[in-house]
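**Student:** Below you will find the structure I want to go over with you.
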Amino acid sequence: MATYYFYDDVTKWKIYPINGVDLTFTTSDNIHRLRYLEENSYIKFTPILSEINDDNGCPRVVATEIDAQFILLQNNYSDFDALITDIINYQLNWVIIFCAALNSYVVMTISININDAVCKTSHTIEFKGDYPLLTISLKGIMKNDKMILMSNIFGEEP
Amino acid sequence: MIDLKYGTYIGDTLNWSSSQSYNELEFKDLTSTERVQGSTLSGNRFNHLLHSRNVWRLTISADELYQATKETFMRAFYKAQGWKWSDDNWVTEKVVDLLESGDIPYKFINNHIDLKEITLTFIEVEPD
């Protein structure tokens, strides 16, 4: 998956490359800090528009579709086995995503409470050489006030 | 921003609910007429205006109805027995009739159950 962004203007980013994720699962005490994700990790936001136009004749952004992928090599996370156990046994309820463009000081933190979103997660494990490579996919719809923050990122009026 | 209240009868008294605010998607002021139209035996056309009245079309979308309190209020509003709205924080208000009946007219954006959008039509009780 290619990433598209301008050097230092996050409003032009269509897909945000990720360089770190915090994952919290329900009823688990673990907060998994994944700081060395593989380079195809990304989060993408797509605005969802109202069916009817507003009084100005334009549709309104009423929610935001999220599509994210976190790829982690076993070597890059010491609690890899605990993470797999949590993925299998518990539900993801907090995701904090750290984005930073390459060669840029722009850093953005995106926090998703799964209670505020409708999300479906899935995961796959492949092998890169001798080491497992975990891919977590997150697809869903953000429906709370944070979508207004997100629509600001798109450079649109909320 | 539009404020809504609904009324329900307890005995003979119409009791109004507390107010709920919505950031509406659209709120259009329209005009509705009712006419008797036809032609006489000799072929002359006639067109009698019986009355005209104001009609308002209100649409509230998923950016408001995702909130449980606002969605619950909307359901109670839909099945109430009286309706009124205000766009100046109840300095003035308009008591209206609700035109829709039957299933609550939710549209589901992207076919998603959490992304509800509703259009309601308010019609003035007294004609012009």
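The values are calculated or read from the model by the stated rules, or taken from the named source; none is laboratory data. Nothing here was measured: the structure is a model prediction, and the numbers come from that model. So basically every Cβ, Gly included, is an ideal-geometry build from the backbone, and we count neighbours across all protein chains shown. Surface areas here come from the heavy atoms of the whole protein model, side chains and all, with no ligands, DNA or RNA. Shrake-Rupley method; radii C 1.70, N 1.55, O 1.52, S 1.80 Å.
Each row is one residue, and each column tells you yes or no for (1) surrounded by 14 or more Cβ atoms within 10 Å (Cβ to Cβ); (2) modelled with pLDDT of 80 or more.
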| residue | (1), (2) |
| --- | --- |
| A:Ala101 | yes, no |
| A:Val107 | no, no |
| A:Asn115 | no, no |
| A:Val118 | yes, no |
| A:Gly129 | no, yes |
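**Student:** Pairs under 6 Å by beta carbon, first residue of a type in the set (Ser, Thr, Tyr) in the range A:15-34, partner open to solvent by less than 10 Å² (accessible area, probe 1.4 Å), six or more apart or different chains?
**Tutor:** From residues that are of a type in the set (Ser, Thr, Tyr), the pairs are A:Tyr16/A:Ile43; A:Tyr16/A:Cys99; A:Ser28/A:Asp86.
**Student:** Then there is this: Does any residue of the range A:45-64 turn out to be over 30 Å from B:Pro105 (Cβ atoms), in a strand (DSSP E or B) and either in contact with a Pro (Cβ under 9 Å, 6 or more places away or on another chain) or modelled with pLDDT of 85 or more (or both)?
**Tutor:** No.
**Student:** Return the pairs, sorted by first residue and then second, in which the second residue is among the small types (Gly, Ala, Ser) and open to solvent by less than 20 Å² (accessible area, probe 1.4 Å), the first residue lies in the range B:47-63 and is within 12 Å of B:Thr121 (Cβ to Cβ), the beta carbons are less than 9 Å apart, and the residues are 6+ apart or on different chains.
**Tutor:** Listed by first residue and then by second, the contacts come to B:Thr59/A:Ser50.
**Student:** Being within 14 Å of chain B (Cβ to nearest Cβ), surrounded by 16 or more Cβ atoms within 10 Å (Cβ to Cβ) and over 30 Å from A:Leu133 (Cα atoms), is that true of even one residue in the range A:62-80?
**Tutor:** yes
**Student:** Which ones in the range A:81-91 are among the hydrophobic types (A, V, I, L, M, F, W, C) and surrounded by 18 or more Cβ atoms within 10 Å (Cβ to Cβ)?
**Tutor:** A:Leu83, A:Ile87
**Student:** Do we have B:Ala68 as within 13 Å of another protein chain (Cβ to nearest Cβ) and aliphatic (A, V, I, L, M) here?
**Tutor:** So B:Ala68 fits the description; yes.
**Student:** Okay, next question. Anything in the range B:71-128 that is within 25 Å of B:Arg53 (Cα to Cα), part of a strand (DSSP E or B), open to solvent by 20 Å² or more (accessible area, probe 1.4 Å) and within 14 Å of chain A (Cβ to nearest Cβ)? List them, or say none.
**Tutor:** B:Thr119, B:Thr121, listed by residue number.
**Student:** Give the range B:18-64 a look and list any residue that's farther than 17 Å from B:Lys94 by Cβ and basic (Lys, Arg), or say none.
**Tutor:** Matches in the range B:18-64: B:Arg35, B:Arg45.
**Student:** Just one of the numbered conditions (1) open to solvent by less than 50 Å² (accessible area, probe 1.4 Å); (2) farther than 19 Å from A:Thr64 by Cα is not true of B:Asn47; which one?
**Tutor:** Only one criterion is unmet by B:Asn47, namely (1).
**Student:** I'm checking my understanding of the structure. Among residues of the range A:11-61 that are surrounded by 21 or more Cβ atoms within 10 Å (Cβ to Cβ) and of a type in the set (S, T, N, Q), which one is farthest from the other protein chains (Cβ to nearest Cβ)?
**Tutor:** A:Ser41
**Student:** Checking the structure you have, find out if any residue of the range B:52-59 is more than 30 Å from A:Met142 (Cβ to Cβ), touching a strand residue (DSSP E or B) at 6+ places or on another chain (Cβ under 8 Å) and within 14 Å of chain A (Cβ to nearest Cβ).
**Tutor:** Yes, because at least one residue in the range B:52-59 is more than 30 Å from A:Met142 (Cβ to Cβ), touching a strand residue (DSSP E or B) at 6+ places or on another chain (Cβ under 8 Å) and within 14 Å of chain A (Cβ to nearest Cβ).
**Student:** Would you check which residues across the range A:65-99 are small (Gly, Ala, Ser) and not in a strand (DSSP E or B) and list them?
**Tutor:** Of everything in the range A:65-99, those that are small (Gly, Ala, Ser) and not in a strand (DSSP E or B) turn out to be A:Ser78, A:Ala82.
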